[in-house]
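Since the structure comes first, as structure tokens, the remarks are kept for the end.
The values are calculated or read from the model by the stated rules, or taken from the named source; none is laboratory data. Since we're looking at a predicted model, the values are computed, not measured. Cβ: placed from backbone, ideal geometry, glycine included. Neighbour counts: every protein chain shown.
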Amino acid sequence: MEDGVDPFIGKHPSEGMVVAWAVVASVLHYSISYALVNHPKLQWLWQGITIGSTGVTVIHNTKIGIRPFGHNEPHSGACGEPD
């Protein structure tokens with residue numbers, strides 16, 4: 001992963017790509033959570049790890065300028081670019 005950039009969506013994704021990625025990730029998370037409904041300990045572990053890591057990723061992405069419904073254009077200091 002180059003400079004913390006997700007290889008699936010790239011360094012400067014379009015707004016549509018960010019939203020699409022969020023939708024796919026949400027559907028996948030729900031599906032796995034539903035499949036684990038009969039295994040409460042595994043479901044709790046899955047929920048904790050994935051929701052926690054998603055929170056960290058959202059904070060990181062916001063800091064580097066990647067956010068849904070925002071301008072994801074490169075600007076000075078974004079994505080490890082020099083000021």
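Annotations
- Criterion: modelled with pLDDT under 85 and of a type outside the set (Asp, Glu) - qualifying residue of HIS60, HIS39: HIS60
- Within the stretch 41-64, the presence of a residue that is outside any helix (DSSP H, G or I), out of contact with any helix residue (DSSP H, G or I) (no Cβ under 6 Å at 6 or more places or on another chain), of a type outside the set (Val, Ile, Thr) and surrounded by fewer than 10 Cβ atoms within 10 Å (Cβ to Cβ) is excluded.
- In the stretch 17-35, the residues that are more than 18 Å from TRP46 (Cα to Cα) form Cβ pairs under 7 Å with partners that are among the polar types (S, T, N, Q), at six or more places apart or across chains, as follows: VAL18/ASN72.
- PRO82 vs. criteria assigned to a loop (DSSP other than H, G, I, E, B) and at pLDDT below 65: yes
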